[in-house]
Amino acid sequence: MSALLPAPARVSASGDPEPVDLAAVAALFEPPVIAAQAHTGELDFAQLPGAVKELLRGYTAPLRRETFTAGRLAAARATAALTGMPRWLSADARGAPRWPYGVAGSLSHTNRVALCVTGPDRGVGLGIDIEPLETGEELLSAVHYVCTPAERERLRDCPDPARAVLRLFCVKEALYKALPPDTQDGVSFQSVDLEWEEPPAGRDPGEPVRLRVVRGPVPGTTGRCAVVGSRMIAAVALPWPPEPGVSPTESRTSRTESRTSRTESRTSRTESRIQQDGQQT
């Protein structure tokens, strides 16, 4: 399993499962990335490496296992295309994918398909999000959760508010994933304000729309969003600022070591509490 990957699933005449146009996905990013996909059901959860399956210990819901497996398969395909060797991703303390040294990447999935984008680690965080177009109608009922007051005001003049709120949701999700992990705390849908120009009527939905952060952790950052088939896909490439006097690579290594140290500290405290509980028992 570490070296061989199942061939991508063939698409039936009925279009089920619907493949994602990976060239359109990659075109949303600057600098260029490698994009890969996997559909639920291509690989059985039981076929994943043992250490990867262990990440879902306690999760028995079939759909959760299927989407997790598809995500790991998409990442293995993307890292194989980038490095020549498939990597089956582990996870950090938060459960987010842990990327191999020298690789930047991001994952997203629907109930049917998973997407992964990867590229050389050049100090740029990548974020991707994919959502079925019908999710836009569902998000309208949660618009006060997804959108800030300023964004809701802009939505009033949108000819297709469901499509607009879906773009906002996707870009905020992608932005969060692109942030350095140690700066994600406190970032929410309400802590990020986006501005954008609504596409004119008749415009090709596959043409990317740019959304700009006017309030949030990285003002001025832009995300790109487009309809690809029956899904909305958003992309964010975010330069990670180096620490003063430190190269970008050293800065990211420092962040990784810091996260590892915090995880080990939490583990140590947990083990201590377990030992104390056992003594008290």
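Within the stretch 26-47, can you find the residues that are of a type outside the set (D, E, K, R) and within 18 Å of residue 111 (Cα to Cα)?
Selection gives 36, 37, 38, 39, 40, 41, 43, 45.
So is residue 210 modelled with pLDDT under 85, surrounded by 12 or more Cβ atoms within 10 Å (Cβ to Cβ) and either small (Gly, Ala, Ser) or in contact with a Phe, Trp or Tyr (Cβ under 9 Å, 6 or more places away or on another chain) (or both) or not?
no
Do you know which of the residues in the stretch 153-188 that are open to solvent by 30 Å² or more (accessible area, probe 1.4 Å) and of a type in the set (Gly, Ala, Ser) is nearest to the chain's Cα centre (by Cα)?
Only one residue tops the list, namely 188.
State all residues of the stretch 213-229 that are under 17 Å from residue 127 (Cα atoms) and either in contact with a His (Cβ under 6 Å, 6 or more places away or on another chain) or exposed (fewer than 15 other Cβ atoms within 10 Å of the Cβ) (or both); if no residue qualifies, say none.
219, 220
Right, residue 135: over 25 Å from residue 109 (Cβ atoms), in contact (Cβ under 8 Å) with a residue 40 or more places away in the chain and among the polar types (S, T, N, Q) or not?
So residue 135 does not fit the description; no.
Please indicate, with yes or no, whether at least one residue in the stretch 188-205 is in contact with a Phe, Trp or Tyr (Cβ under 9 Å, 6 or more places away or on another chain) and in a helix (DSSP H, G or I).
Within the stretch 188-205 (the criterion being in contact with a Phe, Trp or Tyr (Cβ under 9 Å, 6 or more places away or on another chain) and in a helix (DSSP H, G or I)), the answer is yes, since at least one residue qualifies.
With respect to residue 118, determine if the residue is in contact (Cβ under 8 Å) with a residue 24 or more places away in the chain and surrounded by fewer than 16 Cβ atoms within 10 Å (Cβ to Cβ).
So residue 118 does not fit the description; no.
Select from the stretch 133-162 the residues that are under 14 Å from residue 211 (Cα atoms) and either assigned to a loop (DSSP other than H, G, I, E, B) or hydroxyl-bearing (Ser, Thr, Tyr) (or both) and list them in ascending order.
Selection gives 147 alone.
Given the structure, is residue 244 surrounded by 12 or more Cβ atoms within 10 Å (Cβ to Cβ), modelled with pLDDT under 95 and not basic (Lys, Arg)?
For residue 244, the condition - surrounded by 12 or more Cβ atoms within 10 Å (Cβ to Cβ), modelled with pLDDT under 95 and not basic (Lys, Arg) - is not met.
Out of all the residues in the stretch 74-90, which are open to solvent by 10 Å² or more (accessible area, probe 1.4 Å) and not hydroxyl-bearing (Ser, Thr, Tyr)?
Of everything in the stretch 74-90, those that are open to solvent by 10 Å² or more (accessible area, probe 1.4 Å) and not hydroxyl-bearing (Ser, Thr, Tyr) turn out to be 77, 80, 81, 82, 84, 85, 86, 87, 88.
Please state which one of 136, 127 is under 16 Å from residue 75 (Cβ atoms) and small (Gly, Ala, Ser).
Unique residue meeting the criteria: 127.
Can we say residue 165 is closer than 21 Å to residue 222 by Cβ, touching a helix residue (DSSP H, G or I) at 6+ places or on another chain (Cβ under 6 Å) and in a loop (DSSP other than H, G, I, E, B)?
no
State yes or no: is residue 93 of a type outside the set (S, T, N, Q) and open to solvent by less than 10 Å² (accessible area, probe 1.4 Å)?
No, not satisfied.
Please work out which one of (1) free of Cβ contacts under 8 Å to residues at least 40 places away in the same chain; (2) hydroxyl-bearing (Ser, Thr, Tyr); (3) closer than 15 Å to residue 45 by Cα is the condition residue 67 fails and give its number.
(1) is the only condition that residue 67 fails.
The values are calculated or read from the model by the stated rules, or taken from the named source; none is laboratory data. A quick note: this is a predicted structure, and the numbers were derived from the prediction, not measured. Cβ sites come from the backbone with ideal geometry, for glycine too, and all protein chains shown count toward neighbours. These accessible areas exclude ligands, DNA and RNA; they are computed on the full protein's heavy atoms, side chains included. Shrake-Rupley method; radii C 1.70, N 1.55, O 1.52, S 1.80 Å.
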